[in-house]
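Inspection log for the structure reproduced underneath, given as structure tokens.
The values are calculated or read from the model by the stated rules, or taken from the named source; none is laboratory data. None of these values were measured; they are calculated from a predicted model. Using ideal geometry, Cβ is built from the backbone for each residue, glycine included, and neighbour counts are taken over all protein chains shown. To get the accessible areas, we keep the full protein, side chains included, count just its heavy atoms, and leave off ligands, DNA and RNA. Shrake-Rupley method; radii C 1.70, N 1.55, O 1.52, S 1.80 Å.
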Amino acid sequence: MTARIIDGKTIAAELRTRIATDVTQLKAAHGMTPGLAVVLVGANPASEVYVRNKSKAVTGAGMTPIDRHLPESVSEAELLALIASLNADPTVNGILVQLPLPPQIDGQKVIAAIDPAKDVDGFHPLNVGRLGSGLPALVPCTPLGCVILAKTVLPSLAGLEAVVIGRSNIVGKPVAQLLLAENATVTVAHSRTRDLAAVCRRADVLIAAIGKPEFVRADWIKPGATVIDVGINRVPGEAGKSKIVGDVAYAEASAVAGAITPVPGGVGPMTIACLILNTLRATCAQNGLPAPAI
Ligand code: NDP
């Protein structure tokens, strides 16, 4: 069997086009332009690239990017004061604080200071609790992207066995909650799981969010399963250059899986598309408008 490739790049581009159309309608009907504030502290090169890409996607969707760059030495109090001003600003519909933060700042405190209605990363404890309680919530972008990708090949996840490898607050736990909300039977595996390969072989849908290059092998995969690879790992490539690989051994896994996301070009592009989707959803909710039908 050769797996169908779940082309995250194309699916994300289509999603962004649909969001841009909705934003155009929102402007025409209600005179509103969603605004997304992205707060970057310090000069982490990877974070700077993410923030630049986010700004580009926000502009491309017809939304307003509001970029706030603070020095590495900023105090927690100064950052909290900025969050308070963004919370109070009616032109700001979404707030994202780029992680990681420098050691003098308590990241949990900062996340908890964001207005939950503007928490487009879905990390605020209120949104985490609402997701776990099955209530409408802003949900984390990468997990949302994983479920959207899985549903392009499996329109209904109801009753399917889903195995998530990884239990981080950013990916593993929220993706498990989203799969549960789709009525999948969900197992969350982690570094203490016994016989991980046997657990994975049960999965109709296997989500790998581990952070270990090509960790999931072909013989862990049930023939025909849908495999969503969240991992982004930089490894040595050819001619002294580095390359990015996922948490799944893609070449061999493609011979067993029914459908699989590539890395790069799978989950990665969905994260930013879901960020602008969340910004649109937040804008609609804040203004008492129905959620976009995306
Ligand atoms: P974390 O390091 O926070 O979590 C990794 C998880 O993997 C932990 O729950 C850990 O278990 C589990 N794990 C580690 N080793 C093993 C093992 N040997 N067997 C089973 N489970 C194991 O990572 P994140 O969740 O933040 O990210 C995971 C991957 O996804 C990374 O490669 C990251 O770069 C990528 N990522 C990609 C994004 C995208 O946009 N595509 C966005 C976010 C992340 P335990 O809890 O027991 O330690």
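Label points 7 Å out from Cα along the Cβ direction at Ser75 and Ala251: separation in nm?
Using points 7 Å along Cα→Cβ, the separation is 5.6 nm.
If you count, for each residue, the other Cβ atoms within 10 Å and average over each peptide, how do 250-263, 136-149, 186-199 line up from highest to lowest?
136-149, 250-263, 186-199
Check each of the trypsin sites (Lys or Arg not before Pro) in the stretch 223-294 and keep only those in coil by DSSP with at most 14 other C-beta atoms within 10 angstrom; list them in order.
Counting only loop positions with at most 14 other Cβ atoms within 10 Å, the trypsin sites (Lys or Arg not before Pro) in the stretch 223-294 are Lys241.
For Ala20 and Ala197 in the same chain, what is the full-extension length gain: residue separation times 0.36 nm, less their Cα-Cα distance, in nm?
59.5 nm
At 222 nm, what helix-only mean residue ellipticity would the chain give, in deg cm²/dmol to the nearest 500, using -39500 (n - 2.57) for each DSSP H run of four or more?
-12500 deg cm²/dmol
Considering only Cα-Cα distances, which of the following residue pairs are longer than 31 Å: Lys27/Lys109; Lys173/Lys241; Lys173/Lys222; Lys54/Lys222; Lys109/Lys241?
Checking Cα-Cα distances, Lys27/Lys109; Lys173/Lys241; Lys54/Lys222; Lys109/Lys241 exceed 31 Å.
Suppose every K and R has +1 on its Cβ and every D and E has -1 on its Cβ; what is the size of the dipole of the chain about the Cα centre, in Debye to the nearest 20?
380
By how many nm would the segment from Asn53 to Ser242 grow when fully extended, if each residue of separation counts as 0.36 nm and the alpha-carbon distance is taken off?
Value of the extension gain: 66.0 nm.
How much of the accessible area of the stretch 1-110, probe 1.4 Å, is carbon plus sulfur, in whole percent?
Looking at the stretch 1-110 in its full context, I get 57 percent from C and S.
Which distance in nm do the two modelled labels at Asp106 and Lys27 give, with both placed 7 Å along the Cα-to-Cβ direction?
4.2
Work out how much length Met1 to Ala46 would gain on full extension: take 0.36 nm times their residue separation and subtract the Cα-Cα distance, in nm to one decimal.
Stretched fully, the Met1-Ala46 segment lengthens by 12.5 nm.
For the chain, which cysteines have no disulfide-compatible partner, meaning no other cysteine Cβ under 4.7 Å?
Among the cysteines of the chain, those whose Cβ sits 4.7 Å or more from every other are Cys146, Cys200, Cys284.
Helix by helix through the chain, keep the DSSP H runs that span 24 Å or more along the axis on Cα and average at least 0.5 on Kyte-Doolittle, and give those back in order.
Long hydrophobic helices here: 267-286.
Can you pull out the GluC sites (Glu not before Pro) in the stretch 22-122 that DSSP calls coil and that have at most 15 other Cβ atoms within 10 Å?
Here the GluC sites (Glu not before Pro) that fit, given the DSSP loop and packing criteria, are Glu72.
Indicate, rounded to the nearest 5 percent, the antiparallel portion of the DSSP beta bridges found entirely in the chain.
If I count the DSSP bridges inside the chain, around 10 percent turn out antiparallel.
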